[in-house]
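Structure, as structure tokens:
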Amino acid sequence: MATQRPTVKTLAQTTGYSIATISKALRDSPVVTAETKERIREAALKAGYQANMRGVSLRAGKTFQAAVLMPVTVAEGFEWDGVEYTQILSGISQALEGSDYRISIHVIRDAEDGRLAAQRIVDAGLADGLIFSGILAEDPRIDFLVERNFPFVALGRCRKPLAYAHVDVDNDWAAYAATERLIAGGHRRIALINPDGRLSYAMDRIDGFHRAFVQAGITPCDDLIAAGGLSTRFGKESVLHLRHIPDPPTGFICVNEATTLGVLAGLAELGLAAGRDVDVIAYDDINVSAYFAPPLTTFYLPIERLGRKLGEFFLRRIAGEEPAALQELYRPDLVVRQANQQQRGTP
């Protein structure tokens, strides 16, 4: 004989709680005590109960889907691709744990492809809100979603005065602090290994880079700003090019771990070493900079932490909170591993 699938009514019979109380407990309603929730969840687990989310969705008029736009490069041989996004997804998943929401991933190639994906999601009702990153100075996804008043959270800020939920890193300050540190160590020719110049945070980093020079009364090294893909190859190619120009850089500021690894490889190919011949300051969000040889001074901020905040803001936005209340700007921690940077001077 087939075994009947347990229902809310079954749980009510076995636990003694009302159907209404069990439904509220399984939805994590605040009107049910934590102790009661725990008892009901244990009973549900023991009985093999699974909520009929399709029915719940139809009654609530929601999909209980959090759509995440994940960019994947189409460039051949692109190293490091996707490493950071797994950490972002991990953080978002942690924040959504215990809620009714599940992540649905939509792979995109660029911001315009992302806008089309966002339009499909909104028009077809595929999700209750979106989460995405890689923000451009003028981002078509943000323009579209703000205009449609559709819930979303962005990892980054565009350069338009729009009100929307976002989590971001103070890249202006990070670039400023790194440049100031190298200037204080005697460096005057400093290279900035930067992402694609269309990205909003690339512009933020240039702003901070310039500000440090201006405050020191030194002409900014605009000729030493390298903009490109966030790959190891790009970091290496940048070093090989910049070290062969007249008056080459003696200090390097890198945008991420991949470009830093490329910078170190390029220096090694030239017979140079970080910490001896030049100084390199990294930016790290997946905790690998301590393993570079040599270990580098780093601005560190775990990207998983940003992912958790994205997930938290998503739930709060879906619950009706205003975007202006859902904005967080983080400053990374300075991890000093080469203390002599501020005494070395220009090699």
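The values are calculated or read from the model by the stated rules, or taken from the named source; none is laboratory data. These numbers were taken from a predicted model, which means no experiment stands behind them. Note: ideal-geometry Cβ built from the backbone for every residue, glycine included; neighbour counts use all protein chains shown. Protein only, heavy atoms only, side chains kept; ligands, DNA and RNA dropped before computing areas. Shrake-Rupley method; radii C 1.70, N 1.55, O 1.52, S 1.80 Å.
Of the numbered conditions (1) at pLDDT 95 or above; (2) in contact with a Lys or Arg (Cβ under 8 Å, 6 or more places away or on another chain); (3) over 30 Å from residue 338 (Cα atoms); (4) not in a helix (DSSP H, G or I), residue 168 fails exactly one; give the number of that condition.
(3)
Could you pull out the residue among 225, 286, 253 that is closer than 21 Å to residue 134 by Cα, open to solvent by less than 50 Å² (accessible area, probe 1.4 Å), free of Cβ contacts under 8 Å to residues at least 60 places away in the same chain and of a type outside the set (Gly, Ala, Ser)? Before you say what the answer is, go through the steps one by one.
Values: 286 fails: free of Cβ contacts under 8 Å to residues at least 60 places away in the same chain; 253 fails: free of Cβ contacts under 8 Å to residues at least 60 places away in the same chain.
Exactly one of 225, 286, 253 is closer than 21 Å to residue 134 by Cα, open to solvent by less than 50 Å² (accessible area, probe 1.4 Å), free of Cβ contacts under 8 Å to residues at least 60 places away in the same chain and of a type outside the set (Gly, Ala, Ser), namely 225.
Would you please name the residue that is most open to solvent (accessible area, probe 1.4 Å), looking only at residues in the range 64-81 that are at pLDDT 90 or above and at negative phi?
65
Which of the following residues is within 30 Å of residue 130 (Cα to Cα) and either touching a Phe, Trp or Tyr at 6+ places or on another chain (Cβ under 7 Å) or open to solvent by less than 40 Å² (accessible area, probe 1.4 Å) (or both): 301, 334?
The unique qualifying residue is 301.
Of everything in the range 256-283, what is on the phi > 0 side of the Ramachandran plot and buried (at least 16 other Cβ atoms within 10 Å of the Cβ)? Give them in sequence order.
275
Would you say residue 162 is out of contact with any strand residue (DSSP E or B) (no Cβ under 9 Å at 6 or more places or on another chain) and either under 18 Å from residue 199 (Cβ atoms) or buried (at least 16 other Cβ atoms within 10 Å of the Cβ) (or both)?
Yes.
How many residues are over 25 Å from the mean Cα position of the chain (by Cα) and in a helix (DSSP H, G or I) if we restrict to the range 184-202? Give the derivation first.
Filtering the range 184-202 for residues over 25 Å from the mean Cα position of the chain (by Cα) gives 184-190.
Cutting the leftovers down to in a helix (DSSP H, G or I) gives us 184.
So the count comes out to 1.
Residue 134: in contact with a Pro (Cβ under 7 Å, 6 or more places away or on another chain), touching a residue at least 60 places away in the same chain (Cβ under 8 Å), closer than 21 Å to residue 171 by Cα and surrounded by 18 or more Cβ atoms within 10 Å (Cβ to Cβ), yes or no?
On the way: in contact with a Pro (Cβ under 7 Å, 6 or more places away or on another chain): yes; touching a residue at least 60 places away in the same chain (Cβ under 8 Å): yes; closer than 21 Å to residue 171 by Cα: yes; surrounded by 18 or more Cβ atoms within 10 Å (Cβ to Cβ): yes.
Spelling it out, residue 134 is indeed in contact with a Pro (Cβ under 7 Å, 6 or more places away or on another chain), touching a residue at least 60 places away in the same chain (Cβ under 8 Å), closer than 21 Å to residue 171 by Cα and surrounded by 18 or more Cβ atoms within 10 Å (Cβ to Cβ).
Only one residue in 211, 205, 233, 181 is assigned to a helix (DSSP H, G or I) and open to solvent by less than 20 Å² (accessible area, probe 1.4 Å), so which one is that?
Going through 211, 205, 233, 181 in turn, just one is assigned to a helix (DSSP H, G or I) and open to solvent by less than 20 Å² (accessible area, probe 1.4 Å): 205.
How many residues are under 25 Å from residue 331 (Cα atoms) and among the charged types (D, E, K, R) when one looks only at the range 241-293?
Adding up the residues that qualify gives 4.
Kindly evaluate residue 198 against the criterion of being over 12 Å from residue 252 (Cα atoms), in contact with a Leu (Cβ under 7 Å, 6 or more places away or on another chain) and open to solvent by 40 Å² or more (accessible area, probe 1.4 Å).
Considered against the rule, which asks whether it is over 12 Å from residue 252 (Cα atoms), in contact with a Leu (Cβ under 7 Å, 6 or more places away or on another chain) and open to solvent by 40 Å² or more (accessible area, probe 1.4 Å), residue 198 comes out as yes.
Answer yes or no as to whether residue 105 is modelled with pLDDT of 85 or more, β-branched (Val, Ile, Thr) and outside any helix (DSSP H, G or I).
Considered against the rule, which asks whether it is modelled with pLDDT of 85 or more, β-branched (Val, Ile, Thr) and outside any helix (DSSP H, G or I), residue 105 comes out as yes.
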